[in-house]
Amino acid sequence: PTRRSSDLIIGPPETCLITGYDEDGDVLIGWNFFQHFQTENSGVEFEPNGYFRKRNWYPQTERLVVFGEKQAKPALAEIYRDALVWGLELLRAPSIAAGPDAPEAYRERANGLAAYDAWAEHILMDEAFPAGDEATLRQRHDVHNMMVGMVAEERWYGSQFLIGAIDHLPYQPVEDLLHAAACFAAEHDLMWKAWDLVGGNGYPQAWQKLAEPEIRRQMVPIIQQSRDQAARAAGHIERALARLV
């Protein structure tokens, strides 16, 4: 079942950063992307530094992830390089494990560049988008729209990360990382074209558009172009890393 915002620490069921606690653990302190959204931050107070304070947090917690003992902070160059290596591995891995709690049919799912192909393939399945079946169309739109939003947001911030990395690497592969950043930014712009096909980002009747085969067929080249930009970005990141060795 879908959990309401009131059932969670803050906002939708997404991760947040815990930085400390107060009053013997009765108050949780941290940072959450949605902490200033009035519709998502019921009962939230704030520290002078901007971090949230939340009582009665434990019953609203889905899970906790503990990173282990505190260690010496690595050099920024090491952090950025490791992040680039990890990101490149994720981008090129054709599948990823969804975890033991996922239904058996979804334990392995398409990932990285392969996920674009799976996305485009499913968009073309006319039988999966029955006209007049509001519940099915809304569900299909929720999945599709989430993908569009995730690619738009994550590629945009990915482009900014790559630009920022330039100043913190011992050898500054400016050209390689700027090209990769441009590819990610292009993906962001392509996703707005995908939104435009269904009436725009946030259009309330966008789910109805998915019943139109011609609309979905126009989405396929956008998804494929986005995949191609991601593949180019991967190549540029790989060249940048080769020069850092």
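Any chance the stretch 78-91 includes a residue that's farther than 25 Å from Glu238 by Cβ, within 23 Å of the chain's Cα centre (by Cα) and not charged (D, E, K, R)?
Scanning the stretch 78-91 turns up no residue that is farther than 25 Å from Glu238 by Cβ, within 23 Å of the chain's Cα centre (by Cα) and not charged (D, E, K, R).
Counting only residues that are without any contact (Cβ under 8 Å) to a residue 12 or more places away in the chain and not acidic (Asp, Glu), how many does the stretch 21-34 have?
2
Enumerate the pairs (first residue in the stretch 91-109 and closer than 22 Å to Glu187 by Cα; second residue anywhere and at pLDDT below 85 and acidic (Asp, Glu)) with beta-carbon separation below 8 Å, excluding pairs fewer than 6 apart on the same chain, so at least 6 apart or on different chains.
These pairs meet every condition: Ser95/Glu108; Ile96/Glu108.
Please go through the stretch 117-145 and give me each residue that is under 15 Å from Glu214 (Cα atoms), without any contact (Cβ under 8 Å) to a residue 40 or more places away in the chain and either over 24 Å from the mean Cα position of the chain (by Cα) or surrounded by fewer than 15 Cβ atoms within 10 Å (Cβ to Cβ) (or both), ordered by number.
Just the residues of the stretch 117-145 that are under 15 Å from Glu214 (Cα atoms), to begin with: 120-131.
So of that shortlist, the ones also without any contact (Cβ under 8 Å) to a residue 40 or more places away in the chain come out as 121-122, 125, 127-128.
Hits for the stretch 117-145 are Glu121, Met125, Glu127, Ala128.
The values are calculated or read from the model by the stated rules, or taken from the named source; none is laboratory data. Because the structure is a prediction, the values reported are computed rather than measured. Because the Cβ atoms are built from the backbone with ideal geometry, glycine has one as well, and the counts that use them run over all protein chains shown.
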